[in-house]
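Following: one structure in structure tokens, then a few remarks.
Values in this text are rule-based calculations from the coordinates and carry no lab data. As the structure is a prediction and not an experimental result, all values here were calculated from the model.
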């Protein structure tokens, strides 16, 4: 399973998607895992404006990732 | 869901004159047509923006534009509207967005186009990077963009 990244997070991660770590079962755990594995992402991941999307819908960071077929993390949008 | 608005996310450069002509031909009974073209500006002369890169989520970005278009359709009696928005790399001087609104009366067409642009500038799921000669910057909405949008919320 991969987590898809957008905007500034793609540059900070050096990738458009990353593999979920072992035992990562919630959004919060995913955010912690990515912050540890990719420290440049940590500050943006911690911003209140950064959102977790499960199957293209905004989800709580506490949500389980188990039933999602698409996982994404998006920073604040810039609009068109 | 927007009913009368054509929405297109364009991966490549598009011809605004052709888009304007096609729109006018598709709205033969309208008394007023307003076209808006936004293009990439160099911003600063000493370190100009050479291009923008617009990151997007195809399905969700389109859905976010649909939501804005549906709100405009509910607010003004439009006969037709079109939104073309570039994604990917857009060079300075190239069009980035085309919005056209057709209505029976000009005030409705003007206001709807103004509304669509205000919300496109602030609410659409796009992430925009300015590319300069020696640097790149991901940008966020300006305070003015948020103020512009609030005009319609009273």
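Tabulated data for the structure shown
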quantity: Cα long-axis angle, helix B:106-123 against chain B (0 to 90 degrees, to the nearest 10); calculated: 40 degrees
quantity: Using distinct alpha-carbon pairs, which all enter the 1/r mean, Kirkwood radius of the protein assembly as shown in Å; calculated: 19.1 Å
quantity: Choice from B:45, B:25, B:144 showing the highest fluctuation, given a GNM over chain B with Cα pairs closer than 10 Å; calculated: B:45
quantity: Rounded to 10°, Cα long-axis angle of helix B:16-26 versus longest principal axis of chain B; calculated: 10 degrees
quantity: Over chain B, relative contact order from alpha-carbon pairs under 8 Å, at least 6 apart, %; calculated: 33 percent
quantity: Theoretical ellipticity at 222 nm over chain A - DSSP helices of four or more residues, -39500 (n - 2.57) apiece, nearest 500; calculated: -6500 deg cm²/dmol
quantity: For q = 0.11, 0.23, 0.26, 0.27 Å⁻¹, Debye-computed log10 I/I(0) when each Cα of the stretch A:2-74 counts as one equal scatterer; calculated: -0.21, -1.03, -1.38, -1.51
quantity: Residue-averaged [θ]222 nm for chain B, counting only DSSP H segments that reach four residues, each worth -39500 (n - 2.57); calculated: -11500 deg cm²/dmol
quantity: Shape category assigned to the stretch A:35-80 from the gyration tensor of Cα positions, a/c cut at 1.5; calculated: oblate
quantity: Gap separating the Cα centres of the stretch B:68-104 and the stretch A:1-57, nearest whole Å; calculated: 32 Å
quantity: Base-10 log of normalised Debye intensity for the stretch B:36-102 (one unit scatterer per alpha-carbon) at q = 0.18, 0.19 Å⁻¹; calculated: -0.78, -0.83
quantity: Principal-axis tilt of helix B:58-75 within chain B, Cα atoms, nearest 10 degrees; calculated: 40 degrees
quantity: Chain B: most fluctuating residue of B:105, B:56, B:85 per GNM, C-alpha cutoff 10 Å; calculated: B:105
quantity: Sorted largest first, extent of the stretch B:8-154 alpha carbons per principal axis (Å); calculated: 50, 36, 31
